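Asker: Attaching a single structure in structure tokens format; questions to follow.
The values are calculated or read from the model by the stated rules, or taken from the named source; none is laboratory data. Bear in mind the structure is a predicted one, so any value in this text is a computation, not a measurement. Note that we place each Cβ from the backbone using ideal geometry, even for glycine, and neighbour counts take in every protein chain shown.
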Amino acid sequence: MTSLASILVLPFLAAIGLAFVPRNYRFVMRLVTLATTLLVALLAVTLFWRFNADDAGYQFVTTIPFLGAGSLGIQCKLGVDGINVGLILMGALVAFAAACVSWEIESREKEFYILLLVMTGGILGAFASLDLFFFYFFHELALVPTFIMIGVWGRGERKNYATFQITLYLSLGALIALIGLIALYLQLPDGLRTFDIREITGYFKDKPMAQSAQHFIFPLLMFGFGILVSLWPFHTWAPLGYGSAPTATAMLHAGVLKKFGLYGLIRVALPLMPYGARSWLNVLALLCLGNILYCGFVAMRQKDLNLLVGNSSVAHMGFVFLGIASLNLIGVTGAVVVMIAHGLLVALTFGLSGYLHQQTKTLDMVQLGGLLQRLPFVGAAMVMAMLAGCGLPGFANFVGEVMVFFGAWSQPSLRVIMVPAVWGGLIIGAVYMLRAVRNILHGPVAERCEIMTDANPWRKVPFVLLLTALILFGFFPKLLTEKIRPSAALIVNMATGGDQKSPGAPQSSPALAQTATSDMAK
Amino acid sequence: MNYSLTILETSVIALGLALLLLDLWTPAGQKRQLGYGAAAALGLIFAFSFTSFVDPGAPATAFNGMFVQDGLSLFFKRFFLIATIIVLILSVEFADHFPAGISEYYALLLFALSGMMFAASANDFSLLFVSVELITVTFYVLTSFQRTRLASLEAGVKYLILGALSSAFLVFGIALVWGTTGSFNFAEIANSSSRETGAVFKLGLLLVLVGLGFKIAAFPMQLWAPDVYQGSPTPTTAFLAVGSKAAGFVLLLRVLFSAVPDVTAHWTELLILISAVTILYGNLCAIPQRNLKRLLGYSSIANAGYMLLGVASLTHAGQSAVLYYLAGYLFTVLAAFMVICLVTRQAGNEDISALAGLNQRSPLLAATMTLAMVSLAGIPPMAGFFGKFLLLKAAVEQGASNSAYYWLAGAAIIGVVISLYYYFGVVRAIYWSQDTTDLPAIQISAPIKAVLVACIGGMFYLGLYPGPALDSTTQAVATLKAPNATASAVNGASVVRK
């Protein structure tokens, strides 16, 4: 079995294995989960390392036999290109970190670890699938554990409401996207119908889809996937859902699973429907302003740390939408970098806030204070995470956001939007992040925080891992961009009908971003 | 004339009669074990149905074309056999609720099964009516079998009155069809219906649809379902939900696509409307339900709506999707009813709260119920997801020719999202509740355990590895006509030629 297939299959095998472990063997369950996710993360790192950046096509293509229905053109095919190789790496790292922080779960561990593993497998499968059916299938498979985990192990008084809200919103989004995917499949002539992304892309490259069909399918995918990514005004499930979720679930969903919708837009909607994209991306650009500005303002008013992080993560999604809407090489590449960086960052933030909640049983920022004195390590990590969220150079987020801005600037119709977006992203983000830092980390030690203790070396592992990845990609963004660029170029060329102007300019821009980063670092 | 084609039906009836005779010599304490014997015998009949003696390969008819044995009828006969085997094992478990006459209960199940098997082969309005009556009349008794329990009697009376009414519609409709065409036979009517387009003929067909709509619990003939589901003994409810509904669907498919495909082609909007309203009605009414069986009653209305979506698409893809969905529905619903039966046996009430703490009392039952709800909600990797996927695909496929299909797909999506709310309500009741330690563990007998595992296996198999089952459903519907298929096939062919 190839390493890509093992990445996907191992978590499911471990989940089945755990079902036979007796209920009171808590240590064994944790060990199996940690070992599996660690192995998956190591495999993902080697996959990322072995990935050949010069090849724009799919690599490590594997078929998992027996799954699917050949007569409908459904086959479980896996493969990576520049777009998803980084996402799989990020997903595997976050999954390992999520398994690490699950020590806070103290009831029904068996069910929790099984669901966590199923969710991990589903997430990695969704990003690795080359078949649109399984692409959807694995995403939906990962959603069910999310709902159950929030419902059973969630916290807060509004847990039930949050569970149902997130369930209904995400299912609605997924089903709308499913109709879009089915309609897309039916655009192929009878006899050639397949769910294989490579074949579909190849077919529509030669024979573009009818314009009327594009205008009808693109919005289905855009809003369906958009709801999954908390596109304004369909974002209300996100802050509340993450606020109520157990730490590991919030990390995995906000960090990785949510990126599925963005990945779907880039992978499916843009290249196959250039006409639809041209007419609908302006709408997307307007709505993403809602994400950046509206949700930024909402985040400023939050008293609860998790609600603040949840709202700010919705706001950050606006940058990715902006990068997609810019529809040029640097913008789309930047969007993918933001996806990876934000996944690492939000997992780190939720992991840290989960640590605080575990110790104090509250995340109310009024009741927290002076944490840097009590918790030098966790506090310092929190400061770094908050500053990375503001877009401080040196972290991967800065690279992605800068590239998105360059991308949006070079699209004349977006320039009007870009200025307030920058303003919103930088000023509003800085205001609420710095205020949160001041409230909970500086100042006198609050009464509730007297008893807190800093993380022991074991507990530090997930935080160190995520911070390292953020800083590594922040200082050496080339590791990501050189892999993303060839694949993104293919997609952008299809989306713009090959009329991408001056191929020299987009190539120099990532380099520019990179020099800017390293200058700042110096 | 080929009487040997009815060998499956004859052997089921013979088995029922033998059971009644055996009852005379069986000691009272061992009578419930007869159910296992009957289930084993049905298993043999099921295996026998795969021999070339039963399966002629090509469609064959008997009794002057009244009775047809083709892929569709064999698919449904195997379906009914599996359903009855599971229901028989379930009723052995349920036997202590019956004051007396457990062997008669088994025999009645077998007679209803023979009616369903005849329905699967009906190629003629007279056989259609006889088989529908055979099913319905046995169910009058089966629903009111707990004769000391008022709710059961009430369910029986309600089913009797509404069933008699729908039979009246059915027989009146058949009379009108016979009056205008002079024939009962589907093949002959198919020939004459292309000429015959009079209002009386169509009214007759409409009344036949009303009668069949009662069997599948489609709007506007769905009123009986929740009450009867709630009141009947649980094995009867399970059989009603799976067997009786599937029998309605096979007859509906035969009438619409074998007898009158030309008329059906003009009724697209009507079928779309019925399907959409049934989906929304079932799902919306299920939201406030607290009684598990009543909840599943409304959910079965909604599921009838989803399956009508495949019927309304008027294509082979849609028909085969209906069959596929039914196959998944069989395992899912029977698993759910089995859990309900075991859980409510001690509790006495059928409220959702009876499921609280089930994961501690019996992890297997909790897992089965959760998987069944997940499958009903249409979430991968379960059978329900692939079934709904096929149905939606069939509807969206026709959207290019008639945009009403897009609205239907939209209604189905809204229905699915609503249904998630109440299906997850059930899952929530199992796991969300506070830890309780005072509840006794639930003992599960070995046959029940085997059936539960088989149902879980079936749900996963149809959800993960749909290829072989999909091929067999596609073959099964090959003998039906598909009014919309010709156009799309021609289009597809022309594109390929380009």
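Asker: Kindly indicate the residue of the range B:329-350 that is modelled with pLDDT under 85 and of a type outside the set (Val, Ile, Thr) and also surrounded by the most Cβ atoms within 10 Å (Cβ to Cβ) among those meeting that condition. It would help to see each step written out before you state the result.
Answerer: At the first step, the residues of the range B:329-350 found to be modelled with pLDDT under 85 are B:344-350.
Those still in the list that are of a type outside the set (Val, Ile, Thr) too: B:345-350.
On the way: B:345: 14, B:346: 11, B:347: 13, B:348: 8, B:349: 11, B:350: 19.
Filtering first and then ranking leaves B:350.
Asker: Also, I was wondering about something else. Among A:369, A:323, A:389, A:394, which is in a loop (DSSP other than H, G, I, E, B) and closer than 30 Å to residue A:408 by Cα?
Answerer: Working: A:369 fails: closer than 30 Å to residue A:408 by Cα; A:323 fails: in a loop (DSSP other than H, G, I, E, B); A:389 fails: in a loop (DSSP other than H, G, I, E, B).
Within the list A:369, A:323, A:389, A:394, the selection yields A:394.
Asker: Test of understanding: among A:123, A:114, A:150, which residue is surrounded by fewer than 24 Cβ atoms within 10 Å (Cβ to Cβ) and either part of a helix (DSSP H, G or I) or within 14 Å of another protein chain (Cβ to nearest Cβ) (or both)?
Answerer: On the way: A:123 fails: surrounded by fewer than 24 Cβ atoms within 10 Å (Cβ to Cβ); A:150 fails: surrounded by fewer than 24 Cβ atoms within 10 Å (Cβ to Cβ).
Just one listed residue meets the conditions, A:114.
Asker: Please work out if residue A:280 is in a loop (DSSP other than H, G, I, E, B) and either among the aromatic types (Phe, Trp, Tyr) or at pLDDT 85 or above (or both). Talk me through it step by step, then tell me what you get.
Answerer: Working: in a loop (DSSP other than H, G, I, E, B): no; either among the aromatic types (Phe, Trp, Tyr) or at pLDDT 85 or above (or both): yes.
Against the criterion (in a loop (DSSP other than H, G, I, E, B) and either among the aromatic types (Phe, Trp, Tyr) or at pLDDT 85 or above (or both)), residue A:280 does not qualify.
Asker: Here is a follow-up. Going by the structure shown, is residue A:279 crowded, with 24+ Cβ neighbours inside 10 Å, over 17 Å from the mean Cα position of the chain (by Cα) and touching a residue at least 12 places away in the same chain (Cβ under 8 Å)? Steps first, please.
Answerer: Details: crowded, with 24+ Cβ neighbours inside 10 Å: no; over 17 Å from the mean Cα position of the chain (by Cα): yes; touching a residue at least 12 places away in the same chain (Cβ under 8 Å): yes.
It is false that residue A:279 is crowded, with 24+ Cβ neighbours inside 10 Å, over 17 Å from the mean Cα position of the chain (by Cα) and touching a residue at least 12 places away in the same chain (Cβ under 8 Å).
Asker: Given (1) crowded, with 19+ Cβ neighbours inside 10 Å; (2) polar (S, T, N, Q); (3) within 11 Å of chain B (Cβ to nearest Cβ), identify the lone condition not met by residue A:212.
Answerer: (1)
Asker: Okay, moving on. Would you mind telling me which numbered condition in (1) under 24 Å from residue B:250 (Cα atoms); (2) among the β-branched types (Val, Ile, Thr); (3) crowded, with 17+ Cβ neighbours inside 10 Å residue B:130 fails?
Answerer: The one condition residue B:130 does not meet is (3).
Asker: Specify the residue that is surrounded by the fewest Cβ atoms within 10 Å (Cβ to Cβ); the eligible residues are those in the range B:445-484 that are free of Cβ contacts under 8 Å to residues at least 12 places away in the same chain and closer than 22 Å to residue A:136 by Cα.
Answerer: B:468
Asker: Same structure again: Might you let me know whether the range B:293-302 holds any residue that is at pLDDT 90 or above, assigned to a helix (DSSP H, G or I) and of a type in the set (S, T, N, Q)?
Answerer: Yes.
Asker: Out of (1) more than 10 Å from chain B (Cβ to nearest Cβ); (2) crowded, with 24+ Cβ neighbours inside 10 Å, the odd one out for residue A:158 is which?
Answerer: (2)
Asker: Look through B:75, B:67, B:80 and report the one residue that is farther than 21 Å from residue B:327 by Cβ and not polar (S, T, N, Q).
Answerer: On the way: B:75 fails: farther than 21 Å from residue B:327 by Cβ; B:80 fails: farther than 21 Å from residue B:327 by Cβ.
Only one candidate passes the filter, namely B:67.
Asker: Going through the range A:16-34 one residue at a time, which ones are in contact with a helix residue (DSSP H, G or I) (Cβ under 8 Å, 6 or more places away or on another chain) and under 20 Å from residue A:458 (Cβ atoms)? Walk me through how you get there before you give the answer.
Answerer: First, pick out the residues of the range A:16-34 that are in contact with a helix residue (DSSP H, G or I) (Cβ under 8 Å, 6 or more places away or on another chain): A:17-19, A:21, A:23, A:26, A:29-30, A:32-34.
If the condition is that a residue be in contact with a helix residue (DSSP H, G or I) (Cβ under 8 Å, 6 or more places away or on another chain) and under 20 Å from residue A:458 (Cβ atoms), then A:26, A:29, A:30, A:32, A:33, A:34 are the ones that fit.
Asker: Now for a different question. If we scan the range A:210-225, do we find a residue that is outside any helix (DSSP H, G or I) and in contact (Cβ under 8 Å) with a residue 24 or more places away in the chain?
Answerer: So far as the range A:210-225 goes, no, none of its residues is outside any helix (DSSP H, G or I) and in contact (Cβ under 8 Å) with a residue 24 or more places away in the chain.
Asker: If you check B:248, B:297, which single one turns out to be touching a Leu at 6+ places or on another chain (Cβ under 8 Å), buried (at least 24 other Cβ atoms within 10 Å of the Cβ) and either in the same structural domain as residue B:369 (by TED's automatic domain parsing) or touching a residue at least 12 places away in the same chain (Cβ under 8 Å) (or both)? Let's see the steps before the verdict.
Answerer: Details: B:297 fails: touching a Leu at 6+ places or on another chain (Cβ under 8 Å).
The match here is B:248.
Asker: Anything in the range B:327-369 that is without any contact (Cβ under 8 Å) to a residue 24 or more places away in the chain, among the small types (Gly, Ala, Ser) and in a helix (DSSP H, G or I)? List them, or say none.
Answerer: Of everything in the range B:327-369, just one residue is without any contact (Cβ under 8 Å) to a residue 24 or more places away in the chain, among the small types (Gly, Ala, Ser) and in a helix (DSSP H, G or I), namely B:347.
Asker: Could you check the range A:400-426 and list, in sequence order, the residues that are in contact with a Phe, Trp or Tyr (Cβ under 7 Å, 6 or more places away or on another chain) and at pLDDT 85 or above? Steps first, answer last, please.
Answerer: Going residue by residue through the range A:400-426, those that are in contact with a Phe, Trp or Tyr (Cβ under 7 Å, 6 or more places away or on another chain) are A:401, A:404, A:415, A:418, A:422, A:425.
Matches in the range A:400-426: A:401, A:404.
Asker: May I ask you to list pairs of residues, at least six apart or on different chains, whose Cβ atoms are under 9 Å apart, with the first in the range A:349-363 being small (Gly, Ala, Ser) and the second being surrounded by fewer than 22 Cβ atoms within 10 Å (Cβ to Cβ)?
Answerer: Correct list of pairs: A:354/A:104.
Asker: OK, next. Is there a residue being of a type in the set (S, T, N, Q) and within 16 Å of residue A:397 (Cβ to Cβ) anywhere in the range A:321-335? Quick ask: steps written out before the conclusion?
Answerer: Of the residues in the range A:321-335, the ones of a type in the set (S, T, N, Q) are A:326, A:328, A:333.
Imposing the further condition that a residue be within 16 Å of residue A:397 (Cβ to Cβ) reduces the set to A:333.
Yes, because at least one residue in the range A:321-335 is of a type in the set (S, T, N, Q) and within 16 Å of residue A:397 (Cβ to Cβ).
Asker: Here's something else I'd like to know. Given the criterion assigned to a helix (DSSP H, G or I), at pLDDT 85 or above and more than 10 Å from chain B (Cβ to nearest Cβ), identify the matching residue among A:172, A:78, A:141, A:87. Reasoning before the result, please.
Answerer: Details: A:172 fails: more than 10 Å from chain B (Cβ to nearest Cβ); A:78 fails: assigned to a helix (DSSP H, G or I); A:141 fails: more than 10 Å from chain B (Cβ to nearest Cβ).
Selected residue: A:87, the only one of A:172, A:78, A:141, A:87 that is assigned to a helix (DSSP H, G or I), at pLDDT 85 or above and more than 10 Å from chain B (Cβ to nearest Cβ).
Asker: Turning to a different aspect of this structure: I'd like to check something: does the range B:228-236 contain any residue that is part of a helix (DSSP H, G or I), without any contact (Cβ under 8 Å) to a residue 40 or more places away in the chain, farther than 23 Å from residue B:131 by Cβ and not assigned by TED's automatic domain parsing to the domain that holds residue B:93? Steps first, answer last, please.
Answerer: Initial filter on the range B:228-236 (part of a helix (DSSP H, G or I)): B:228-231, B:234-236.
Filter once more, keeping what is without any contact (Cβ under 8 Å) to a residue 40 or more places away in the chain: none.
Within the range B:228-236, not a single residue is part of a helix (DSSP H, G or I), without any contact (Cβ under 8 Å) to a residue 40 or more places away in the chain, farther than 23 Å from residue B:131 by Cβ and not assigned by TED's automatic domain parsing to the domain that holds residue B:93.
Asker: So for the range B:387-402 (the condition being within 14 Å of chain A (Cβ to nearest Cβ) and under 20 Å from residue B:455 (Cα atoms)), does at least one residue qualify?
Answerer: Within the range B:387-402, one or more residues are within 14 Å of chain A (Cβ to nearest Cβ) and under 20 Å from residue B:455 (Cα atoms).
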